[in-house]
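Colleague: Attaching a single structure in structure tokens format; questions to follow.
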Amino acid sequence: MIVSIHNHVITRQSRFSVTHDSHKTWTLHVTGVLEEDRGHYMCQVNTAPMISQTGYLQVVVPPNIVDKASSKSNIVVREKENVTLKCRGDGFPAPQIKWRREDSKPIETSDGRKVHQVDGPTLRVRQVSRTHMGAYLCIATNGVPPSVSKRITLDVEFAPQMHVPNQLVGAPLGTEVHLECFVEAHPRAITYWEYRDAMVMNTSRVTTHTLEDNYKIHMVLNIRNLQEGDFGMYKCISKNSIAETDGSITLNKDDHTYQTRPGRKNSQRKHDMESSRRLEEEKEEEERRREEDRRRNQERERKRLEHDYKRGHRNEQATRVTHAPAGVSGGGSLLATPLAASCLLAYMIALFLYH
């Protein structure tokens, strides 16, 4: 196509113009360059012989993302399903497509690897889980500024799952207790507490609150100044559009105070109870040993008194027989003396045992 002859523009394009300087320098001007302007241009001088010079006009186009050929801005799938995210770009040169997570976390690929970037127009994830949930950025670059991106949000739906760290809690009257339940659910779940088949409402002593982080929910029930009517079973309930689940916590009265507090381990409580039990057993064993020693001492003392009595009785009897007056019967004296001694011995033994 002939664009111009001398300083006269032949083509019907207002974007083209020609200038010259003293019939020596000729310049072709193109304004509002379009892709169709890309190609070779030749400047020809009709001399004999004819001479010419050729140049190439390269028209570059910044990258662009074609929405109609790409995934929607929000994709919702059920857990354990497969999902494919698509992103198509155009421009000149042809743009390169890469995927990143908006929160800078690594992307879990179908083969189990964790990478910070995935190259290519498609991102495939098999057996999608709740950890894949989030915003993904499709970024197109071709060296011509500016780069462009599209944000695609991946929502993974799953039924509520409940975790109760302490299902049995003990606390004494008049103290404060904290009951906790942890929930994971998407779509967002409704959570509340029940006690004796009735919803727990906030009062001056009883308060409930929740802490949410993405699909995770931390449920807390605080009860101050515990009273008799506060003990029993509490239920933490969570429900969303897919299903409903609950967990139970039994609150018992503990006069010896081993209240379960957040962060305190059950192993510590068991260790303390075991130590107390061992101390009680050691005390009982010491009392048994003392009682046995006392009985042995009493038995030795009784035998000693009995031995001394028998020995003194024999000596006294021999003395009385030797010195009895002639012609007088000593039967009465000999009978009375052993009886008195026996009574004395019994009295001494009974007095010793009493003390």
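The values are calculated or read from the model by the stated rules, or taken from the named source; none is laboratory data. Computed from a prediction, not measured in an experiment: that's the story for all the values here. Cβ coordinates were reconstructed from backbone atoms using ideal geometry, including for glycine residues, and neighbour counts include every protein chain displayed. What goes into the accessible areas is simple: the full protein's heavy atoms, side chains included, and nothing from ligands, DNA or RNA. Shrake-Rupley method; radii C 1.70, N 1.55, O 1.52, S 1.80 Å.
Colleague: Applying the selection to the range 74-97, what residues are open to solvent by less than 70 Å² (accessible area, probe 1.4 Å) and either within 30 Å of Glu157 (Cα to Cα) or touching a residue at least 60 places away in the same chain (Cβ under 8 Å) (or both)?
Modeller: Ile75, Val77, Glu79, Val83, Thr84, Leu85, Cys87, Gly89, Ile97
Colleague: Just need a number here: residues in the range 65-104 that are under 15 Å from Pro146 (Cα atoms) and among the small types (Gly, Ala, Ser).
Modeller: Counting residues in the range 65-104 that are under 15 Å from Pro146 (Cα atoms) and among the small types (Gly, Ala, Ser) gives 3.
Colleague: Further, regarding this structure: Conditions: (1) free of Cβ contacts under 8 Å to residues at least 40 places away in the same chain; (2) among the hydroxyl-bearing types (Ser, Thr, Tyr); (3) open to solvent by less than 40 Å² (accessible area, probe 1.4 Å). Tyr56 meets all but one. Number of the miss?
Modeller: (3)
Colleague: Which of (1) among the hydrophobic types (A, V, I, L, M, F, W, C); (2) more than 30 Å from Asp111 (Cβ to Cβ); (3) open to solvent by less than 50 Å² (accessible area, probe 1.4 Å); (4) touching a Pro at 6+ places or on another chain (Cβ under 8 Å) does Val61 not meet, given it meets every other one?
Modeller: Of the numbered conditions (1) among the hydrophobic types (A, V, I, L, M, F, W, C); (2) more than 30 Å from Asp111 (Cβ to Cβ); (3) open to solvent by less than 50 Å² (accessible area, probe 1.4 Å); (4) touching a Pro at 6+ places or on another chain (Cβ under 8 Å), the odd one out for Val61 is (4).
Colleague: While we're on this one: Hey, does the range 103-112 have a residue that's in contact with a helix residue (DSSP H, G or I) (Cβ under 7 Å, 6 or more places away or on another chain) and touching a residue at least 40 places away in the same chain (Cβ under 8 Å)?
Modeller: no
Colleague: Report whether or not Leu305 is open to solvent by less than 70 Å² (accessible area, probe 1.4 Å), in contact with a strand residue (DSSP E or B) (Cβ under 9 Å, 6 or more places away or on another chain), among the hydrophobic types (A, V, I, L, M, F, W, C) and modelled with pLDDT of 75 or more.
Modeller: So Leu305 does not fit the description; no.
Colleague: Which count do you get for residues in the range 11-28 that are open to solvent by 70 Å² or more (accessible area, probe 1.4 Å) and modelled with pLDDT of 90 or more?
Modeller: Matching residues across the range 11-28 total 1.
Colleague: Quick check on my filter: what residues within the range 1-10 are exposed (fewer than 12 other Cβ atoms within 10 Å of the Cβ) and part of a strand (DSSP E or B)?
Modeller: Ile5, His8
Colleague: Quick one: is Arg295 more than 20 Å from Val177 (Cβ to Cβ) and at pLDDT 80 or above?
Modeller: Criteria met by Arg295.
Colleague: OK, next. Considering only residues that are farther than 19 Å from Ile2 by Cα and open to solvent by 100 Å² or more (accessible area, probe 1.4 Å), look in the range 29-53 and name the one that is nearest to the chain's Cα centre (by Cα).
Modeller: Top of the filtered list is Pro49.
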